[in-house]
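Structure, as C-alpha cells:
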Amino acid sequence: MARPEKIRLGDMLVEQRLVTGEQLKLALEEQKHSGRKLGRVLVESGYVTEEGISTGLARQLGADFIDLKTYQLQADLIKLLPEAQARRNRALVLNERAGMLVVGMADPTDLSAFDELSRVLKREIDLAVVTESQLLSAIDRVYSRAAEISGLARELTADMGDISTDFGNILGLTAGSEDAPVVKLLNTVFEEALKMRASDIHIEPQEKSLLIRFRIDGVLRIQTEADSKISTALVLRLKLMSGLDISEKRLPQDGRFNIKLRNTAIDIRISSMPTQHGESVVMRLLAQNTGLLQLDKLHMPPQILERFRNAISRPSGIVLVTGPTGSGKTTTLYAALNELNTPEKKIITVEDPVEYRLPGLNQVQVHEKIDLSFSRVLRTALRQDPDIILLGEMRDQETAEIGMRAAMTGHLVLSTLHTNDALSTPIRLLDMGVPRYMVALSIQMVLAQRLVRVICENCSTPRTPTPHEHLWLQTELGDRVDAFEYRKGQGCSHCANTGFQGRQAVYEVLDMNNALVEAVNRGDPNEFMQIGREQMAGKTLRRDAVRLVTSGRTTVEEAMRISTQLDD
C-alpha cells in the first residue's frame with residue numbers, strides 16, 4: 001500500500017454524515033481549550049463512537065477495519081515490531097499477505113508514524129484500521145515482559161557476583177533508588193502481574209534457581225526462573241518495603257505495603273516463610289480503585305439473588321458467606337454493603353485487611369501485634385451504635401459468639417467462614433463451641449460459593465464430553481444430558497493460550513427455616529443434615545456449576561473440579 005494521504009478527520013466525518021457540522025464546530029472549540037485530539041473529544045462528547053471513527057477512516061482510505069476483540073493475533077508477527085514502537089505509533093502487525101505486512105493503526109492519518117513503521121519493519125505495509133482502546137488492550141496482552149524480567153534478573157545476578165558492588169546500591173538504599181537493580185526487577189514484576197490480572201506473586205527459592213510464579217484465575221503459572229543468588233536481595237528489599245525485620249530469617253513474618261502502578265494504587269499483603277533453600281515470599285495484590293461490583297453483576301441465579309437480598313434487608317441476624325480462601329466471599333459481601341450503604345444506616349467493618357474502600361463506611365483494620373483483635377474491635381464497634389456490622393471472618397469461638405450476640409440484639413451482621421458448603425456451616429459453628437441457641441436464633445442465611453474459570457469468548461468452540469465426563473453429567477442432568485452443546489476454549493492471544501479468561505462464582509443457599517432451627521436446638525446433626533439436604537435438593541454448588549456448563553460459560557472439567565473439592 002502506498003503512503004496514505006493526509007486526511008482532515010473532521011471534514012471526513014461530516015462528509016460521511018457521522019457527525020454534524022455543528023457538532024464538529026463545538027468539538028474544535030473544546031479541542032482548542034483542552035489540547036486533546038479531535039477524535040477523543042468527539043467520542044467523549046458522545047457525538048460519535050470510536051468504532052464509527054475507525055470504520056469511517058477505513059472507508060476513506062479503502063482499507064480494512066479489524067475488530068481486535070475477535071481477531072486471532074500471531075505471536076511471531078507481533079514480535080517484528082518492538083513494544084516501544086507499537087505503543088508510540090499505536091500499531092500492531094496483524095498478518096502477512098502478498099509479500100506485505102498488514103499493520104493495524106489507530107490513526108492511519110499519522111504519516112510520521114507510518115514512516116517510522118516502514119523504517120523499523122523494512123517491509124511494504126498494507127494498512128488496516130483498528131480502534132485505539134482495542135489496540136492498547138491488545139498490546140497489554142500480547143507483549144509479555146517475561147524476557148525483560150529474566151534479563152533484569154541476570155543483571156542483578158551479575159551485580160551480586162561483583163565483590164566491588166555496593167550492596168546498599170543494589171537494594172536501593174541510596175539516592176536514586178529507582179535505578180537500583182532490585183527495584184527495577186520488582187517494579188517490572190509488579191507491572192507484569194497487574195497487566196496479567198494476577199492475584200498473587202510467589203517468589204520461591206529452589207536448590208539451584210529462584211522461581212517466580214503468578215496466580216491467574218486461580219491457577220499458578222511460571223513467570224520466570226532466575227539464579228538463586230538473587231533470592232536474598234529480593235527478600236530483603238520486600239522486607240524493607242513492608243517494614244519487616246530484615247535480621248529475622250528463621251520465623252515467618254507478615255506485612256503490607258502500597259505501590260502505585262499505571263495510576264492504580266495497589267495494596268500488597270506479604271507473607272514470608274523460611275524454607276530449606278531460603279525464604280519463600282507470597283504477595284497478594286489488592287487494587288484499591290477496583291470498581292465495586294453490584295449484586296446484579298455477580299451472575300447469581302435470579303432465585304438466589306432474590307433470597308440473598310431478602311436476607312440482607314432484614315434489620316437483624318447473621319448472613320454468612322462461606323467458601324475457601326480466594327473464592328470471592330469479600331467481593332460478595334461488599335457488593336451487599338454497596339447496596340445497603342445509605343445515609344440512614346451506620347455501617348462498621350472489622351477486617352484483616354481492609355480490601356475495598358467504600359465511602360460512608362467506618363472501616364477498621366485489625367492489628368494483632370498491638371492487641372487490636374477481631375473480638376476487641378467488635379466489642380468496641382457495638383458501642384458505636386451501628387446498624388450493620390461486617391465481620392471479616394469468624395475465625396474463633398469468641399469472635400463468633402460476640403457477632404451472634406450482636407445479631408440477636410438488633411444488628412445485621414455479615415461475615416465469612418471457611419467451610420466446604422452451606423449445609424456444614426452451622427455444624428462447624430457448633431464444633432467451634434458456639435452455644436446451640438445462638439446458632440439457631442442468629443443465623444438467617446448461609447450463602448456458599450466457589451469460583452470457576454470462564455471459557456474465553458474469543459476461542460470458544462464445541463466439544464464432545466469424554467465418556468467419564470458424560471457419565472458425571474448424567475448424574476446431574478439425567479436424560480437431558482445430550483440436549484446441550486458443550487464447549488471449551490482452544491487457546492488464543494486473548495487468554496494467553498489457556499482457553500479461559502476470568503472467573504465466575506457458583507452458589508448455593510441454605511435458609512434457616514423452622515425445621516432446621518429445631519434440629520439445631522435438639523443437638524441432632526444427622527437430623528439437621530437430612531432436613532438441609534431435602535431443602536437444597538437440586539440447588540447445590542455442583543448443580544450451579546453444571547448450569548454454567550450447559551450455558552457454554554465453563555467446561556465440564558471445571559465443574560468436575562468443583563465437585564471434587566466438595567467431596568474432599
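Things to note:
- Residue list for the stretch 221-231, restricted to those being more than 12 Å from residue 193 (Cα to Cα) and surrounded by fewer than 18 Cβ atoms within 10 Å (Cβ to Cβ): 225, 227, 228, 229
- Contact map, the stretch 43-56: residues that are over 17 Å from residue 67 (Cβ atoms) paired with residues that are open to solvent by less than 60 Å² (accessible area, probe 1.4 Å) and of a type in the set (Gly, Ala, Ser), Cβ distance under 8 Å, separation 6+ or inter-chain. Pairs shown: 45/27; 47/27.
- Residues in the stretch 124-157 that are among the charged types (D, E, K, R) and modelled with pLDDT of 85 or more were compared, and the one that is least open to solvent (accessible area, probe 1.4 Å) is 126.
- Looking at the stretch 437-555, the helices (runs of 4 or more DSSP H) lying wholly inside it that each contain 3 or more residues that are of a type in the set (Lys, Arg) sit at 541-550.
- Elements of type helices (runs of 4 or more DSSP H) contained in the stretch 60-161, each with 2 or more residues being out of contact with any Gly (no Cβ under 7 Å at 6 or more places or on another chain) and closer than 30 Å to residue 227 by Cα: 75-78, 83-89, 132-142, 146-161
- All of 38, 18, 68 fail the test of being in contact with a helix residue (DSSP H, G or I) (Cβ under 8 Å, 6 or more places away or on another chain) and under 30 Å from residue 460 (Cα atoms), apart from 68.
- Spans of strands (runs of 3 or more DSSP E) in the stretch 263-362 with at least 1 residues open to solvent by 30 Å² or more (accessible area, probe 1.4 Å): 264-275, 278-287
- Which numbered condition residue 93 misses (of (1) open to solvent by 40 Å² or more (accessible area, probe 1.4 Å); (2) without any contact (Cβ under 8 Å) to a residue 40 or more places away in the chain): (1)
- Only one of the listed residues (84, 91, 75, 98) is at pLDDT 90 or above and either more than 15 Å from residue 7 (Cα to Cα) or in contact with a Ser or Thr (Cβ under 9 Å, 6 or more places away or on another chain) (or both). That residue is 91.
- Checking each residue in the stretch 374-388 for being in contact with a strand residue (DSSP E or B) (Cβ under 9 Å, 6 or more places away or on another chain) and touching a residue at least 24 places away in the same chain (Cβ under 8 Å) picks out 374, 377, 378, 381, 382, 384, 386, 387, 388.
- Checked against the criterion of being closer than 21 Å to residue 325 by Cβ, open to solvent by 10 Å² or more (accessible area, probe 1.4 Å) and not aromatic (Phe, Trp, Tyr), the candidates 420, 458 yield just one match: 420.
- Within the set 508, 518, 534, the sole residue that is open to solvent by less than 60 Å² (accessible area, probe 1.4 Å), closer than 23 Å to residue 319 by Cα and either modelled with pLDDT of 90 or more or out of contact with any strand residue (DSSP E or B) (no Cβ under 7 Å at 6 or more places or on another chain) (or both) turns out to be 508.
- Any chance residue 473 is buried (at least 22 other Cβ atoms within 10 Å of the Cβ) and modelled with pLDDT of 95 or more: no
- Scanning the stretch 474-516 for residues that are closer than 16 Å to residue 69 by Cα and without any contact (Cβ under 8 Å) to a residue 24 or more places away in the chain yields a single hit, 497.
- Qualifying positions in the stretch 95-153 - under 20 Å from residue 62 (Cβ atoms) and polar (S, T, N, Q): 95, 109, 118, 131
- Restricting attention to the stretch 17-39, the residues that are exposed (fewer than 12 other Cβ atoms within 10 Å of the Cβ) and under 36 Å from the mean Cα position of the chain (by Cα) total 2.
- When 554, 475, 550 are checked against the criterion of being within 30 Å of residue 73 (Cβ to Cβ) and among the hydroxyl-bearing types (Ser, Thr, Tyr), a single residue qualifies: 554.
- Restricting the first member to the stretch 427-438 and to residues that are more than 12 Å from residue 401 (Cβ to Cβ), and the second to residues that are open to solvent by less than 50 Å² (accessible area, probe 1.4 Å) and of a type in the set (Ser, Thr, Tyr), the beta-carbon pairs closer than 9 Å and six or more apart or on different chains are 427/419; 428/322; 428/419.
- Test: residue in the stretch 112-123 that is among the hydrophobic types (A, V, I, L, M, F, W, C), open to solvent by 20 Å² or more (accessible area, probe 1.4 Å) and farther than 17 Å from residue 84 by Cα: no
- Scanning the stretch 538-557 for residues that are closer than 21 Å to residue 421 by Cβ, of a type outside the set (A, V, I, L, M, F, W, C) and open to solvent by less than 70 Å² (accessible area, probe 1.4 Å) returns 538, 540, 542, 544, 554.
- Some residue of the stretch 447-454 being open to solvent by 30 Å² or more (accessible area, probe 1.4 Å), touching a residue at least 40 places away in the same chain (Cβ under 8 Å) and either closer than 29 Å to residue 498 by Cα or in contact with a Cys (Cβ under 9 Å, 6 or more places away or on another chain) (or both): yes
- Residue 242, sole failed condition from (1) out of contact with any helix residue (DSSP H, G or I) (no Cβ under 8 Å at 6 or more places or on another chain); (2) at negative phi; (3) open to solvent by 80 Å² or more (accessible area, probe 1.4 Å): (3)
- Given (1) within 25 Å of residue 119 (Cβ to Cβ); (2) without any contact (Cβ under 8 Å) to a residue 60 or more places away in the chain; (3) surrounded by fewer than 19 Cβ atoms within 10 Å (Cβ to Cβ), index of the condition residue 86 fails: (3)
The values are calculated or read from the model by the stated rules, or taken from the named source; none is laboratory data. Just so it is clear, the model here is predicted, and its values are computed rather than measured. Glycine gets a Cβ as well: all are built from the backbone with ideal geometry, and neighbour counts include every protein chain shown. Note: accessible area is taken over every heavy atom of the protein model, side chains too, but ligands, DNA and RNA are not part of it. Shrake-Rupley method; radii C 1.70, N 1.55, O 1.52, S 1.80 Å.
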